[in-house]
Amino acid sequence: MSLISGLKFMNSNKIVIDKKDNITIVKVNGDFITYMRDDIQNHFYQLVEEVNTDVVLDLENSDFMDSSGVGLIVHLYKKVHSLRHELKIINTQHQPLSVLRLLEIDKIVSII
């Protein structure tokens, strides 16, 4: 089943993927960390393989991110960028924002 062919996909309320027009919105609910990685990794990587739109990653409901979350963002960025689309991260605050700035992800991805 395609993740982005329908209007919405939910996986254990941890990630919601919604496609509107030419934008894929990925909303992470909860901490973007290692234990979550196994839960969403296959779905996230499937999204990366299928995406052919700009992507907005919404981290409003994520208060903590570790290296696994950063790795998923980098993987998504590489795929989106290779297709000449744009990745934006929105509603990032607290520790995830600090991590993304510390690693200078904000130099390659728009963080709004």
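Laboratory data are not the source of any read-out in this text; all were calculated from the coordinates shown. Note that the coordinates shown come from a computational prediction; the quantities given were computed from them, not determined experimentally. Glycine also receives a Cβ, built like all others from the backbone with ideal geometry; neighbour counts cover every protein chain displayed.
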**Item:** Criterion: of a type in the set (A, V, I, L, M), touching a Phe, Trp or Tyr at 6+ places or on another chain (Cβ under 7 Å) and in contact (Cβ under 8 Å) with a residue 24 or more places away in the chain - qualifying residue of V99, V80, V109
**Value:** V109
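For (1) part of a loop (DSSP other than H, G, I, E, B); (2) buried (at least 19 other Cβ atoms within 10 Å of the Cβ), each residue gets a yes or a no:
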site	(1), (2)
N52	yes, no
V55	no, yes
G69	no, yes
Y77	no, yes
L100	no, yes
D106	no, no
